[in-house]
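I have placed the structure first, in the form of structure tokens, so that the comments after it can refer back to it.
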Amino acid sequence: MALVTSPIKQLTTFTSQTAGLEKTLRFIQAVSQVVGELSADKTVARQWLTTRDQLALGRRYFRLLDFYGCFERVHTLLAGTSSQGAVLGTMELAEYTFLGLYLLLEDFTILHDMNVYHVSWYRPLLTEANKFWFYAIILSIIRATWDLLFAPAPPTPAKNEKGTAPVALATGPSKSTLVKRIVINVCDLTLPGSFVGWLPVTGLQIGIAMVVSTLLAGHGIWVAQH
């Protein structure tokens with residue numbers, strides 16, 4: 001008889017992992033922004049938006065060295081080990097280059113946000129960083145859309161030597177996974193897009209988009225851990 005894990009135990013397992021904890025904090029941050037934007041009381045709104053800002057700062061510690069993984073992926077792609085075609089491979093190379101640059105440039109502003117060392121170039125540098133993030137998300141959307149529309153149909157499962165049970169074959173992401181990735185990226189696009197002034201979205205719309213993208217991304221992590 002299978003044991004039923006309690007919701008509290010499942011949540012504890014989820015938040016004990018870095019990815020799960022980061023998504024939990026991101027969800028609370030998004031909800032804080034929505035509540036702060038909807039609140040008619042200025043004092044209450046300020047409290048919620050302060051909570052949002054503190055959570056946003058805390059989440060930055062999780063990605064402090066993430067630029068390394070992006071540049072490592074770039075190095076791998078430059079070595080010619082991409083399984084995609086020339087166009088998609090080049091787009092992936094550019095995507096991870098832009099994402100790595102965003103994460104690296106963002107790191108240079110963390111002391112300013114911590115109120116440890118203020119710099120005059122904070123806003124210009126962060127603006128350029130968010131442009132790189134915007135480019136990376138756009139490329140990710142294009143690549144996922146291309147895979148969704150033009151990826152070849154999965155091959156028919158082969159049979160084993162006795163000709164009875166099918167042998168699993170490696171395939172790309174499923175259509176549902178690609179659609180979910182596109183939705184997450186479109187939602188996340190509101191963050192850098194609004195920061196640099198390229199997308200006319202309100203703070204409430206950004207908060208709602210964050211809630212949606214965080215729930216979708218968090219669900220994938222939840223399923224993988226349970």
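Sort the following peptides by mean Cβ neighbour count (other Cβ atoms within 10 Å, averaged over residues), highest first: 62-70, 195-203. Intermediate values should be presented prior to the final figure.
Working: 62-70: 14.8, 195-203: 13.2.
Per-residue Cβ counts within 10 Å, averaged per peptide and sorted highest first, yield 62-70, 195-203.
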>> Charges on Cβ only, +1 for Lys and Arg, -1 for Asp and Glu, centred on the Cα centroid of the chain; of P7, T109, L126, which one is farthest towards the dipole's positive end?
In response: P7
>> Suppose all protein chains stay in the model; what accessible area per residue would a 1.4 Å probe give for the chain, in Å²?
In response: 61 Å²
>> Is there a quick way to get the dipole size of the range 65-116? I mean about its Cα centre, with the Cβ of Lys and Arg at +1 and of Asp and Glu at -1; what is the value in debye to the nearest 20?
In response: 200 debye
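Within the range 73-118, which chymotrypsin sites (Phe, Trp or Tyr not before Pro) sit in a loop by DSSP and count at most 12 neighbouring Cβ atoms inside 10 Å? Please list the in-between numbers first.
Details: sites: Y96, F98, Y102, F108, Y117; in loops: F108, Y117.
Loop-located and lightly packed - Y117.
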> GNM, the chain, Cα, under 10 Å: largest mean-square fluctuation among V186, V35, V44?
Replying inline: V44
> So which helices of the chain fit the span-like rule, where a helix is a whole DSSP H run, its Cα atoms reach 18 Å or more along the axis, and its mean Kyte-Doolittle is at least 1.0?
Replying inline: 203-225
> What residue among K42, K131, K175 shows peak mean-square fluctuation when the chain is described by a Gaussian network model with Cα springs under 10 Å?
Replying inline: K42
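Summing -39500 (n - 2.57) over the DSSP H runs of n ≥ 4 in the chain and dividing by its residue number, what mean residue ellipticity at 222 nm do you reach, to the nearest 500 deg cm²/dmol?
On the way: 10 runs with 161 residues, N = 226.
One gets -23500 deg cm²/dmol as the mean residue ellipticity at 222 nm.
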>> List the aspartates and glutamates whose Cα sits under 20 Å from the Cα of K180, skipping any in the same chain fewer than 8 residues away.
In response: E22, E92, E95, D147, D188
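The values are calculated or read from the model by the stated rules, or taken from the named source; none is laboratory data. Quantities reported herein were computed from a predicted structural model and do not represent experimental measurements. Neighbour counts run over all protein chains shown; Cβ positions are idealised from the backbone, glycine included. The accessibility values were calculated without ligands, DNA or RNA, using every heavy atom of the protein model including side chains. Shrake-Rupley method; radii C 1.70, N 1.55, O 1.52, S 1.80 Å.
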